[in-house]
Amino acid sequence: MSKNKQQATWGGRFDNKPSDLMLQIGESVSFDCRLALYDIECSRAHASMLEKVGILNESELKSILAGLDTVEKAIESQNFEWRSDLEDVHMNIEQALVEVSPEALKLHTARSRNDQVATDMRLWFKDACVSVIADIESLVQSCLEFSEANAEVIIPGYTHLQRAQPVPIAHHLLAYVEMLVRDMNRFSNVWDSANICPLGSGAIAGSTLPIDRLFVAEKLGFVDDEGCPIITQNSMDAVSDRDLFIDFANACAVTGMHLSRLSEDFILWSSSEFGFVRLPDAFTTGSSLMPQKKNPDGFELIRGKSARLIGNTQTLFSMMKGLPLTYNRDMQEDKMPVFDSYDQLTLMLKVAAATLSDVTVNESRCAKSVSDPLLLATDVVDYLVLKGVPFRDAHHIVGALVKLSESLELPLDELPYDKVKVIDERIDKNWLSVFSLETALKSRKQIGMPSMEQIASQISALKGRFTNS
Ligand code: ARG
């Protein structure tokens, strides 16, 4: 061993130590230490494989495995000294391991930090997807409970933030459930993409040694439904592919965007102007100056943090787009954005679920808003269509009725019939029967529409699918 060696793992060809600034810019252990247990798992599988193919003997393997247990315990009990001069989680663990098990000097055989970090991250992504899916599911439960608890409440639905047509508030919440179900599918697809083992790709071109990649993949749980191991097919791609990071961050960003829109709806609904809901004290804050204020900070922060998730996706795209194959150290910057997206999204999902389960609906304010007869103007058009009036004409006729109601300053359903008749004589005296919310919703009875029956059957189907499985 060279006596000039200045760096424990790669210092052989160097005369001088890295500068302190190089250590500062180069270290990743401050954030990749959260991969420690995955890294140890990978080392266990790798060591077992080295023994299987005859590179380690039984007693060397035993010593390495015992050493890994010791290091793992130290990390779990927070008795592990993370050293930034050792750069990253991989070298910290290897150095500590060699101290308790000198046989571990053989552990890095046929392995590089490049395939090691790719493998650690794939294991991390698989767990992260499972935990995000569980948190999304809890939010779905809260949406379903809210929908059931307020099954009778009807509110105006909006387009352009202008009153459009009446909808049960449950229909509005179930729209978010649809988004959240797509989000779960997105994370489940990311899980599938993560479930491929890159270990054995080495630094760039695999290894000359007789390693057994399938054995390692199987040991680490990179297997298909039949239990067959799945491994990457190109060593250069395997050590420099970061699509998975982008896919994961993107799945977080899309879910965050949905949560942001949900938050915005509740922020609007809780304002004095709408007054549809009251937010729980636990997720609102007061003003240091204005004693009357109850601010929707929880939802606002979800809305704000969703921007951060989108930003993390952009960071990863920008970081990758100009990199030549294969590994470049730029890629060390790939972890912070995905850890941040995961941490923030997890918090956002938990806050959204907890807030929703404590929101109360102000039924009388909803009833007052939805009693606006203009919300049923389209239903009057449909009424004329059923009488054989062409749709474009019917639309025009109802437009004239709306104009009349504005000029007479009378609600649409209080226009004097003699004036109505003048606009179009095909409007019968019984046209006022259209102005029933009950009929309006009952008639919207097909799949995807907001009749109470449709909503009830959707809720029960969703509950069957998601109730604490
Ligand atoms: N800490 C590094 C990273 O996260 C591990 C890979 C280092 N590889 C290397 N060739 N320097 O990217």
The stretch 223-276 to the stretch 199-214: how many Å between their Cα centroids?
-> 31
Considering only protein heavy atoms, what per residue accessible area in square angstrom results for the stretch 304-438 with a 1.4 angstrom probe?
-> 53
Hey, can you rank 300-307, 45-52 by average C-beta count inside 10 Å, highest first?
-> 45-52, 300-307
Tell me the Kirkwood hydrodynamic radius of the chain in angstroms, computed as one over the mean inverse distance between distinct C-alpha pairs.
-> 26.7
Per-residue accessible area for residue 145 at 1.4 Å probe radius, Å² rounded to 10?
-> 100
Looking at this model, which pairs from 305/350; 106/321; 419/442 are more than 25 angstrom apart at the alpha-carbon?
-> 106/321; 419/442
Kindly report, to the nearest 10 Å², the accessible surface of residue 274 as traced by a 1.4 Å probe over protein heavy atoms only.
-> 30
What accessible area per residue comes out for the stretch 47-173, rounded to a whole number of Å², with a 1.4 Å probe?
-> 41
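Sort 21-34, 353-366 by packing, meaning the average of other beta carbons within 10 Å per residue, with the highest value first. Mind dumping the intermediate values first?
Working: 21-34: 15.1, 353-366: 17.0.
Listed from highest to lowest mean packing, they are 353-366, 21-34.
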Value of D in µm² per second that Stokes-Einstein yields for the stretch 37-84, Kirkwood Rh from Cα pairs, at 20 °C (1.002 mPa s) | 188
Cα gyration tensor, the stretch 265-401 - rounded (a/c under 1.5), prolate or oblate = oblate
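Give me the percent of accessible area attributable to carbon and sulfur for the stretch 385-458, probe 1.4 angstrom. If you can, show how the numbers build up before the last one.
Working: 2720 of 4840 Å².
For the stretch 385-458, the apolar C and S fraction of the accessible surface comes to 56 percent.
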Cross-link partners among aspartates and glutamates for residue 387, C-alpha distance below 17 Å, same-chain residues fewer than 8 apart left out?
-> 379, 424, 425, 428
Aspartates and glutamates with Cα under 12 Å of residue 293, excluding same-chain neighbours fewer than 8 positions away = 281
Pop out the carbon and sulfur fraction of the accessible area of the stretch 254-366 as a percent, whole number, probe 1.4 Å.
-> 55
Leaving out ligands, DNA and RNA, what percent of the accessible area of the stretch 1-114 is carbon and sulfur, probe 1.4 Å?
-> 49
Reachable aspartates and glutamates from residue 73, criterion Cα separation under 17 angstrom, eight or more residues apart if same chain = 39, 41, 81, 94, 99
Once normalised by the length of the chain, the mean sequence separation of its alpha carbon contacts under 8 Å that are 6 or more apart gives a contact order in percent of 15
With a ≥ b ≥ c from the Cα gyration tensor eigenvalues, square-rooted, and the rule rounded for a/c under 1.5, otherwise prolate when a/b > b/c and oblate otherwise, the stretch 7-81 is oblate
Charge dipole of the stretch 1-99 built from unit charges on the beta carbon (Lys, Arg +1; Asp, Glu -1), centred at mean Cα; most positive-end Cα among 22, 57, 36 is 57
Expressed in nanometres to one decimal, the distance between label points 7 Å along Cα→Cβ at residue 364 and residue 59 is 8.6
Treating only the Cβ atoms of Lys and Arg (+1) and Asp and Glu (-1) as charged, compute the dipole magnitude of the chain about its Cα centre; round to the nearest 20 debye.
-> 620
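The values are calculated or read from the model by the stated rules, or taken from the named source; none is laboratory data. Model, not experiment: these values are computed from the prediction. In this analysis, Cβ positions are derived from the backbone assuming ideal geometry, glycine residues included, and neighbour counts consider all displayed protein chains. Just so you know, the surface numbers come from the protein's heavy atoms only, side chains and all, with ligands and any DNA or RNA stripped out. Shrake-Rupley method; radii C 1.70, N 1.55, O 1.52, S 1.80 Å.
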